[in-house]
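Below is one structure, written out as structure tokens, with a few remarks after it.
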Amino acid sequence: MNPNAKQPFKIITIDGAAATGKSTTANAIAKELGFLHVDTGSHFRILCHHLIQKKITPKDPNSSLETILRSVPIDTEIIEGSAILKIGQELLQTKALRTEEINNSVSKFASMEPIRNFLLDYQRSLKTYTQDAGIPGMVIEGRDIGSVVFPDAYLKIFLHADEKTRIARRKNEGQIDPISKRDDLDSTRKIAPLTCPPDALKLNTSLLSLDQVIDSILKHIESA
């Protein structure tokens, strides 16, 4: 193999339910590989925050939501290796996206077709954005990335953990998150439900430490 040959652009997807360790794992893998990290869960939270500020609720009709979304000004900023969705000039901190109100609303908003279509287009556009930035790949995390957003990804990973472990993680983070309720909403929604792609590398983060999860993924990449 010619060491100077240009390597193909690679997309690694990491899917899983709330508190399975997606963000920490994806960020670590992206840094190790020099790839861009993309947290699509934050996209839904940022948009959820924006809509709540505009007094929009998941009970509003799709037609109203579509009208609102057509005027939402979005942009992307790379901060410490992660692609951050910006709405207007607002750049929200993690704490502002993890409030009890957003935790209780985000899965409801995420089940709405206009929102999923809006963010699907944005998330797919990040491939070109990353390539234009001269970055060799993306590690993109969420709930439907390997199944819907990038079904032809180079590598698909699915993280899972038992509910007790995930609830404990949220409590350790000082958060109130309705894990069971969100699992039900995410896995039963009609549009892009949470599911494990059949060709994904499946890892149980209840049984493995973060270092073990990262090591397993890197070894899988090396052997591919």
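Descriptive notes on the structure:
- A run of the chain free of exposed loop cleavage sites, with GluC sites (Glu not before Pro) counted only in DSSP states other than H, G, I, E and B and at most 15 other beta carbons within 10 Å, reaches its longest extent at 81-172.
- Using only side-chain charges placed at the Cβ, +1 for Lys and Arg and -1 for Asp and Glu, the dipole size of the chain relative to its Cα centre rounds to 360 debye.
- Between residue 79 and residue 128, the modelled label-to-label distance comes to 2.6 nm, taking each label 7 Å out from Cα in the direction of the beta carbon.
- Option label - Cα extents along the principal axes in Å computed here, alternatives (i) 48, 40, 37; (ii) 50, 34, 30; (iii) 56, 41, 30: (iii)
- Of interest is the spacing of the C-alpha centroids, which for segment 203-224 and segment 139-159 amounts to 16 Å.
- Counting neighbouring Cβ atoms within 10 Å and putting the fewest first, the residues 213, 106, 139, 148 line up as 148, 213, 106, 139.
- Gyration tensor verdict on segment 1-126 (Cα atoms; rounded if a/c is under 1.5, prolate if a/b is larger than b/c, oblate otherwise): prolate
- Set of segment 33-61 residues, backbone N closer than 17 Å to the point 7 Å along the Cα-Cβ line of residue 215: none
- Cross-link pairs beyond the 23 Å C-alpha cut-off, checked among 54/108; 59/171; 22/108: 59/171
- The label-point distance for residue 55 and residue 154, in a model that sets each label 7 Å from Cα toward Cβ, rounds to 4.8 nm.
- Mean Kyte hydropathy of -0.5 or more with a Cα span along the axis of at least 18 Å, helices from DSSP in the chain: 40-53, 210-223
- Cα gyration tensor shape of segment 156-219, rounded if a/c is under 1.5, else prolate or oblate by comparing a/b with b/c: oblate
- The label point for residue 167 and the one for residue 31, both projected 7 Å from the Cα toward the Cβ, are 3.1 nm apart.
- Backbone amide hydrogens, once placed in the peptide plane, bring residue 78 within less than 5 Å of 84, excluding anything fewer than 5 places away on its chain.
- Cα centroid separation, segment 85-125 to segment 27-84 (Å): 4 Å
A short reminder: the numbers here are calculations on the coordinates, not readings from a lab. The structure displayed is predicted, hence computed values, not measured ones. Glycine gets a Cβ as well: all are built from the backbone with ideal geometry, and neighbour counts include every protein chain shown.
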